[in-house]
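Each value in this text was obtained by applying a stated rule to the coordinates, not by laboratory testing. Bear in mind that the values here come from a model prediction, so they are computed numbers and not experimental data. With ideal geometry, Cβ positions are generated from the backbone for all residues, glycine too; neighbour counts draw on all protein chains shown.
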């Protein structure tokens, strides 16, 4: 049994930063109001679609543009 409690943090309380970790891979991080660095999600470019994943790796969906995928990751963070 895990002692970790997952508490969603609204994106408006985070400063979201997107980094391209590799070709076709983007990672979102955020700094909370308490200066904690958080992993918010990632996007993989696969066969022309942008596959978005939340902070625990669950699939959010596939999107036609990088902007749409980023918006969905931020919405789910």
Listed peptides 32-40, 52-60 by packing density, highest first (mean Cβ within 10 Å): 52-60, 32-40
Computed E for residue 46/residue 17 - FRET, C-beta separation, R0 22 angstrom, nearest 0.05: 0.45
Residues listed by number, the range 13-39, amide nitrogen under 15 Å from residue 71 label point at 7 Å toward C-beta: none
Share of pairwise Cα separations in the range 14-75, more than 16 Å, in percent: 38
